[in-house]
1. Among ARG292, ARG296, ARG311, which is in a loop (DSSP other than H, G, I, E, B) and either among the basic types (Lys, Arg) or within 21 Å of the chain's Cα centre (by Cα) (or both)?
2. Does ASP48 qualify as being under 21 Å from ALA133 (Cα atoms), outside the structural domain of VAL415 (by TED's automatic domain parsing) and modelled with pLDDT of 95 or more?
3. LYS378 fails exactly one of the following numbered conditions: (1) within 22 Å of HIS153 (Cα to Cα); (2) of a type in the set (Lys, Arg); (3) free of Cβ contacts under 8 Å to residues at least 60 places away in the same chain. What is the number of that condition?
4. How about region 108-126: which of its residues are touching a helix residue (DSSP H, G or I) at 6+ places or on another chain (Cβ under 7 Å) and surrounded by fewer than 20 Cβ atoms within 10 Å (Cβ to Cβ)?
5. Among (1) over 18 Å from SER431 (Cβ atoms); (2) hydrophobic (A, V, I, L, M, F, W, C); (3) modelled with pLDDT of 95 or more; (4) touching a Lys or Arg at 6+ places or on another chain (Cβ under 6 Å), where does ALA377 come up short?
6. Within region 491-505, take every residue that is under 29 Å from the mean Cα position of the chain (by Cα) and assigned to a loop (DSSP other than H, G, I, E, B) and give me the one that is farthest from GLU525 (Cα to Cα).
7. When you look at GLY245, is it over 12 Å from the mean Cα position of the chain (by Cα), over 25 Å from ARG99 (Cβ atoms), surrounded by 23 or more Cβ atoms within 10 Å (Cβ to Cβ) and free of Cβ contacts under 8 Å to residues at least 60 places away in the same chain, yes or no?
8. Can we say PHE413 is within 27 Å of ALA379 (Cβ to Cβ), of a type in the set (Phe, Trp, Tyr) and surrounded by fewer than 19 Cβ atoms within 10 Å (Cβ to Cβ)?
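The values are calculated or read from the model by the stated rules, or taken from the named source; none is laboratory data. What you see is a predicted model, and the numbers here were worked out from it, not measured in a lab. When we count neighbours, we look across all protein chains shown, and the Cβ atoms used for this are built from the backbone with ideal geometry, even at glycine.
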Amino acid sequence: MKSIERIIEILLQNRGIKTKKQKEEFFNPPNPEKLTAKDFGVDQNQLDKAVKRIKEAIRLKEKIIVYGDYDVDGISATAILWETLDALGARAMPYIPSRFTEGYGLSETGIKNLKLEIKDCKLLITVDNGITAYEGLEFAKQQGLDVIITDHHQPGGKTPGALAVIHTTQISGSAVAWILARELVYQCVGVLGTDTLVPQHPSTPSDHLGLVALGTIADVLPLVDINRQLVVHGLEVLRTSSRLGIKTLCREAAVSQDTLDTYHIGFILGPHLNAAGRVDHAMESLRLLCVRDRERARVLAEKLCKSNRLRQEKTEAVVSHVTDNHLDPVWSDGNIPKLLYVYHASYEEGVIGIAAGRLVDKYHRPAVVLSIGDEYAKASARSISGVNILELLKKAGDGLFKSVGGHPMAAGFIVKTSDVELLGQRLEEISELEISDEVLKKNVRIDCEINLPDATEALLGQIAKFAPFGFGNPEPAFETRGVNVLETRLLGKEKNHLKLVLSQDANTPTSQHPVFTAIGFRMGEWYANLSPDLPVNIVYAVEENVWNGNKSLQLKLKSISI
């Protein structure tokens, strides 16, 4: 048996946490309020330029546009900056482009539409977009707009010629917006007069750090270093937030607000907030985040739940079409390409990103899914660890893309429909050369091997200190060999989940060899292969199960082998 101390030491080493200082900061992350712009990788001079222009716009009563994005990170960023400007007495208006008619980021169409909707605007501030919007930026300037860019995406080959560029790739778009909002409050206290709603001390307005956590988790940023600090403290804020939109959405989605964690945001709240922009318009999600009327909050939350169900149906339609048209007739011999590249006119652009993610999960390969239009095709790409999908796309699409951008793990682009097949050929050739067979092997990550009796409530208590879990800080995973299966059951509407009773004692369980309950989601295919006389090897996480108010220790299975 391993001692708890030894297990925890292994977990820390696996995460690169070795020194006393590293351990202290990991288990007790400092409050990000105390960090400077430089700590986040943001240029203080650019911040000062932005604040100076915004203060002038407030003083002159100019209209300010907060130009956002339609995903959770962009919506959160928009809410943070718009609410801060509003509190400072600015004539600020939020604007989120339509995914379907205006596309991503600062575009000529989006600028034309916002000028029709909002007359005489003078200053435009992007959030979660703009760092590669060279053409959109030039058009905005031609329309008499001063532009401040705040973004966290990978930059292009040159710096945009905006009035100020507040940019870093270390954090989320919502965190970048939070830094600007925080700086505005710092510099505006006591400057703009007592008729504004500025707090009388320099602190982040409202519960905006909670919205930063929302955007950071939903955008799947690595939950290490500064992002860990933002999320740890942001989750504490979210759990006690009085924000009507958060409270109401938690209630409608059957999530307990006071125990919110990365799972709830990544797989429940995040998809609900994303759904509006995928099937309708993301302004509905922004309205929910900022709403101040209880009944209006209820109506908006119900609408998002309906949008999410519709989004799920549309996503399933794409994945099923890919399976029917590629898995059986094309990939049935097991010769699955190193990069999945699929397209069809029926694939709706609002869900192709989720569909790409589903394909990555299923086949453990980068996936590119395109929605085909008459003149242009829009695409979303998702990747696996070890494959920088953005760089791969740039190499293959040289001279073909109308636009391209994103991260190493997720990207999007627009290409002429007539060039879709050519791009696919180039991607296939480059993938064969640059994606190794080793990268495509789906290995279950294991922290260390332990015996089942090592999985105690005390160990669970120590593991909880490693949270929040997510990309860059995975939930600890353990392996135990020679486990005896005492009972098996199938759960779920489709009987596709597996519930087991396990012990390492082949005979009668004792205090030294207790029994454990284990759950294996989507592992029902193992049911027919398990029996009491066949020991198995398992990989699992140790977690707390809560049912009807009762709490118990449970093993969450990640893999089974014989």
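1. Working: ARG296 fails: in a loop (DSSP other than H, G, I, E, B); ARG311 fails: in a loop (DSSP other than H, G, I, E, B).
After ruling out the rest, the residue left standing is ARG292.
2. The answer is no for ASP48.
3. Status for LYS378: all satisfied but (3).
4. Result: GLU108, LYS122.
5. Going through (1) over 18 Å from SER431 (Cβ atoms); (2) hydrophobic (A, V, I, L, M, F, W, C); (3) modelled with pLDDT of 95 or more; (4) touching a Lys or Arg at 6+ places or on another chain (Cβ under 6 Å) one by one, ALA377 breaks only (4).
6. Residue satisfying both the conditions and the ranking: LYS493.
7. No; evaluated as a whole, the condition is false for this residue.
8. no
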